[in-house]
Amino acid sequence: MGYPIQLLSVTPPAKAKVIVEGQKHSQSYPVVIQDGKASLITISNVFAEAKYAISASFYDLFQLSKPTTHPAYIRLEDISPVSDPELVYETANYLLNKHIPVYLAVIPTYVDPTTEEMVTLADKPKLLAVLDELVSRGAYIIAHGYTHTYRYQETGEGFEFWDSELNQPITTLDIKEIPEKLKPEDQFQNREEYDQYIQGNTIVETEYVTAKLEKSIHALTKLGFPPIAFEDPHYTMSSNGYQVASQYFSAIFGQIQASDRDWQVMFSPLFISKPTILSGMTLYPETIGYVDPNSINPMLEIEEAIDHVSQVPGSVISGFYHPYLGLDYLKEMIALMEAVPNMEWIQLYNETHYVRTDAVEIITSGNGEISVTSELSWKMDIMDKLAEKSLEKYLWLIVLVTAIFVSLFIIHIVTLRMRYRKRLFKERVHG
């Protein structure tokens, strides 16, 4: 068994080129070295400041031409049935009037954590009217989960595709079932038993994620708001979750959860790309953060983030904004973003993407249009109702069975009466 090797110092060959240099106190040291066709990056952690320098160095390492523009987007976040319609309209309308593409991250169902009551967008006609107008003017819908919650957390605050309390993948289908902490490998006799245990949980997680994604896509499409991409709530999802999501979406917005053991291990590349963990999905990364009203100086944080990101050629300048904050902060945020030289807003319908289920297909073909094919039916609505809660499941089953028996009884009565009339008629004729 080998032991990890720690580099104490690195001395570049005489003819090597130091592309990126770091500094600690008064001492300099090479970070990225190129020696002919061989290159060396001397650090293993690129989650902090180093990612800007490392990202910029790729152009020299791979002899790529440097882009002259910065793609950009702003996302209006956590729009749910309890959102204020006036504030949603105010913020989105401001962006549309400035000819800025509007990306609406929409949660179709709100769950009250105390009563477990479910409120849908269909229950909110004013918000529906606002969203309908915004979509008709070109706003994009992003599926931001189905409820943005897991078990008894509030919609918008809770995690949906990750158990944040146990810091592990989803392990239960029924919200009333108390999940258990996943067992570590050392509690099993061998690796095979452990793999079987994990595989069993993966099956549960896959079923959970599948149901949630399909409900989200179907609910939004049925209301006339077909989503063109996905954003996982709080950017949390296991690698298996991403694999499942890739079967429905070709585009995802936000950051990446880079660990199956800890949701706080996040990473956001600076470029539009297809990281391996996303199983083929194109990532439109969030790079500059959001306006945090609890911060001492939220706009300074945004400005500093933009300064860092914009130093990297071709990097994406992107963030999100909560409509409940009103217009003031939004105007400042947009001004900072538009101050970046050669910044260009991303129009997703100019790219080729899809959202698919067995009943829905939404395609942006790259020609500025979005096509929607839907085969959603009342039968699927019933199936969705049956899957909501165990109590509702039984109630709907009772309703369905009762309706069938009542229908059969009525048909039987009508048939008997018709036979009786025919018989009575014959008796009168021959009588």
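Points to keep in mind about this one:
- Restricting attention to region 291-320, the residues that are farther than 14 Å from Ala72 by Cα, in contact with a strand residue (DSSP E or B) (Cβ under 8 Å, 6 or more places away or on another chain) and not β-branched (Val, Ile, Thr) total 0.
- Residue in region 188-201 that is farther than 22 Å from Asp78 by Cα, touching a residue at least 24 places away in the same chain (Cβ under 8 Å) and within 19 Å of the chain's Cα centre (by Cα) present: no
- Subset of region 107-128 that is among the charged types (D, E, K, R) and not in a loop (DSSP other than H, G, I, E, B) - its residue that is nearest to the chain's Cα centre (by Cα): Asp123
- Pick from region 271-281, criterion touching a strand residue (DSSP E or B) at 6+ places or on another chain (Cβ under 7 Å) and farther than 27 Å from Asn201 by Cα, ranking: surrounded by the most Cβ atoms within 10 Å (Cβ to Cβ): Ile272
- Taken together, the residues in region 337-356 that are touching a residue at least 40 places away in the same chain (Cβ under 8 Å), over 30 Å from Glu214 (Cβ atoms) and either among the polar types (S, T, N, Q) or part of a helix (DSSP H, G or I) (or both) amount to 2.
- Test for Leu131: is it under 21 Å from Phe230 (Cβ atoms) and either small (Gly, Ala, Ser) or part of a helix (DSSP H, G or I) (or both): yes
- Residue, surrounded by the most Cβ atoms within 10 Å (Cβ to Cβ), within region 183-213, restricted to residues that are of a type in the set (Phe, Trp, Tyr) and part of a helix (DSSP H, G or I): Tyr208
- Selection within region 290-302 - surrounded by fewer than 17 Cβ atoms within 10 Å (Cβ to Cβ) and either acidic (Asp, Glu) or in contact (Cβ under 8 Å) with a residue 24 or more places away in the chain (or both): Asp292, Pro293, Met299, Glu301
- Region 58-75, residues that are surrounded by fewer than 19 Cβ atoms within 10 Å (Cβ to Cβ) and of a type in the set (Ser, Thr, Tyr): Tyr59, Ser65, Thr68, Thr69
- Scanning region 49-64 for residues that are among the aliphatic types (A, V, I, L, M), over 17 Å from Ser268 (Cα atoms) and touching a residue at least 24 places away in the same chain (Cβ under 8 Å) returns a single hit, Leu61.
- Any hit, region 120-128, residues being closer than 30 Å to Glu338 by Cα and either among the aliphatic types (A, V, I, L, M) or modelled with pLDDT of 90 or more (or both): yes
The values are calculated or read from the model by the stated rules, or taken from the named source; none is laboratory data. Model, not experiment: these values are computed from the prediction. Heads up, the Cβs are rebuilt from the backbone with ideal geometry, glycines too, and the neighbour counts pull from every protein chain shown.
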